[in-house]
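Single-structure report; data block below.
The values are calculated or read from the model by the stated rules, or taken from the named source; none is laboratory data. Small disclaimer: the values here were computed from a predicted structure and weren't measured. All Cβ positions, even for glycine, are placed from backbone atoms using ideal geometry, and neighbour counts span all protein chains on display. The area values use the complete protein model at the heavy-atom level, side chains included, leaving out ligands, DNA and RNA. Shrake-Rupley method; radii C 1.70, N 1.55, O 1.52, S 1.80 Å.
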Amino acid sequence: MNQDPLLIAGRTFHSRLWVGTGKYQNFEETRKAIEASGADVVTVAVRRVNITDNKSENLLDYLDPKKYTVLPNTAGCYTVEDAVRYSRLARAAGVSDLVKLEVIGDERTLFPDTAGLIEAAKILIAEGFVVLPYTNDDPIVAKKLVDIGCPAVMPLAAPIGSGLGIRNPYNLKIIMETVNVPVIVDAGVGTASDAALAMEYGADAVLMNTAIAGAKDPLMMATAMRYAVDAGRLAYKAGRIPRKLYATASSPIEGML
Amino acid sequence: MKIVVNGEQREAAESLTVAQLLDTLHLRSEQVAVEINLKILDREDFLNWNLHDGDKIEILSFIGGGSPT
């Protein structure tokens with residue numbers, strides 16, 4: 001798949017499956033799952049360090065910076081101010097200007113507050129951040145985010161962690177046709193077929209966490225997702241046959257007795 | 001002097017720098033962000049930045065995260 005790289009803001013990515021690092025039993029399981037997924041972009045959250053436990057390890061010790069692009073998110077931020085503050089802290093804690101911007105609107109659905117998202121994105125882009133926004137499956141909002149300078153958009157498939165799969169494929173398709181930047185379907189994927197479908201629709205990449213980390217066997221699911229994303233991408237590029245109501249024989253009639 | 005680190009009050013020696021504080025907490029400067037009284041420090045400033053009585057210090061790092069939980 002290396003002949004089919006994903007380009008975002010001058011960066012080249014070789015995997016179209018991006019994964020989160022939350023909800024694993026320990027860092028070793030996290031590392032193995034990421035490796036099995038083949039992802040080269042991994043999302044992380046920014047939180048207070050544990051200052052009482054001297055032996056607490058750091059996730060970064062398990063993520064080889066030569067292999068992975070660390071993409072900090074602003075998960076848990078419900079206001080523009082918090083999202084901007086956490087983005088700045090992420091930049092200070094890390095090495096790049098990349099941020100997966102989330103401004104969450106509601107605790108129950110974790111749907112994005114798209115008005116706040118656009119406002120926060122404007123502030124951060126002016127400060128030189130490369131903003132990858134977690135957004136709703138709303139083509140108008142996606143267009144606005146691109147217009148203000150986001151080099152990709154990350155619309156949700158379904159609520160975070162819900163595993164419901166793609167709830168509104170038509171909106172996602174409209175987003176893909178509307179914006180001229182990569183579309184990364186983020187959140188809501190439940191199993192491999194969901195990821196394959198997203199790619200078949202024309203998504204440029206899929207980001208997931210719970211679908212892998214929450215599976216009974218996370219490593220096996222990570223492998224399944226890797227194949228699903230590759231299969232979906234290849235099917236998209238190969239071009240599927242049109243749907244028809246009636247049969248078309250694939251064996252010739254000629255030569256029959 | 002008294003300082004507050006990640007919401008926890010601590011007694012600290014006078015003329016303590018940020019780098020020294022990180023050292024006593026066994027934290028590596030290249031893995032953390034430090035915010036003092038809401039101002040985010042540049043990593044290059046850790047070495048020479050003196051803490052003052054009453055400073056509120058936040059030390060943050062990357063943890064596992066998604067798709068948030």
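Within the stretch B:4-19, which residues have the backbone N less than 17 Å from the label spot 7 Å out from B:D42 along Cα→beta-carbon, could you tell me?
Once the point is set 7 Å along Cα→Cβ of B:D42, B:18-19 turn out to lie under 17 Å by backbone N, inside the stretch B:4-19.
Which value, in Å², gives the accessible area per residue of the protein assembly as shown when a 1.4 Å probe is used on the protein heavy atoms?
50
If you look at just the Cα atoms of the stretch A:89-141, how large are its Rg and its Dmax in Å?
Both quantities, over Cα of the stretch A:89-141: 11.8, 33 Å.
What percentage of the solvent-accessible surface of chain B, computed with a 1.4 Å probe over protein heavy atoms, is contributed by carbon and sulfur atoms?
Its accessible area is 49 percent carbon and sulfur atoms.
Taking only Cα atoms of the stretch A:103-222, what ratio of Rg to Rh do you get with Rh as the Kirkwood inverse-distance radius?
On the Cα set of the stretch A:103-222, Rg over Rh gives 0.98.
Where q = 0.11, 0.13 Å⁻¹, what log10 of I(q)/I(0) comes from the Debye formula for chain B, counting one point per Cα?
-0.26, -0.36
Could you size up the charge dipole of chain A around its Cα centre, putting +1 on the beta carbon of Lys and Arg and -1 on that of Asp and Glu, and report it in debye to the nearest 20? Don't jump to the answer; show the numbers that get you there.
Working: 27 positive and 29 negative charges, 53 e Å.
Charge dipole of chain A: 260 debye, to the nearest 20.
Tell me which of A:I212, A:G202, A:V189 sits at the most positive position along the dipole axis of the stretch A:180-236, charges placed on C-beta atoms (Lys, Arg +1; Asp, Glu -1).
So the residue we want is A:I212.
Compute the distance in nm between two label points, each set 7 Å from the Cα along the Cα-to-Cβ direction, one at A:R167 and one at A:M256.
So the label points at A:R167 and A:M256 sit 4.9 nm apart.
Given a Förster distance of 45 angstrom, what is the FRET efficiency for B:T17 paired with A:D147, based on the Cβ-Cβ distance and rounded to 0.05?
Details: r = 45 Å, r/R0 = 0.99.
With R0 = 45 Å, the Cβ-Cβ based efficiency is 0.50.
Sort largest first and round to whole Å: the equivalent ellipsoid semi-axes of the stretch A:22-90, each the square root of five times a Cα gyration tensor eigenvalue.
Details: eigenvalues 101, 57, 23 Å².
Each semi-axis is √(5λ); the values are 22, 17, 11 Å.
Between A:R11 and A:R48, what FRET efficiency follows from the Cβ-Cβ distance if R0 is 30 Å, with the result rounded to 0.05?
Details: r = 29 Å, r/R0 = 0.97.
Once rounded, the FRET efficiency stands at 0.55.
Could you quote the convex hull projected area for chain A, Cα atoms only and averaged over all directions, in nm²?
Taking a quarter of the hull surface, the average projection is 17.3 nm².
Give the carbon-plus-sulfur fraction of the accessible surface of the stretch A:129-257 in %, rounded to a whole number; probe 1.4 Å, heavy atoms of protein chains only.
Whole-percent figure for carbon plus sulfur exposure: 57.
Would you mind giving the three semi-axes, in whole Å and largest first, of the ellipsoid equivalent to the stretch A:28-149 according to its Cα gyration tensor?
26, 17, 15
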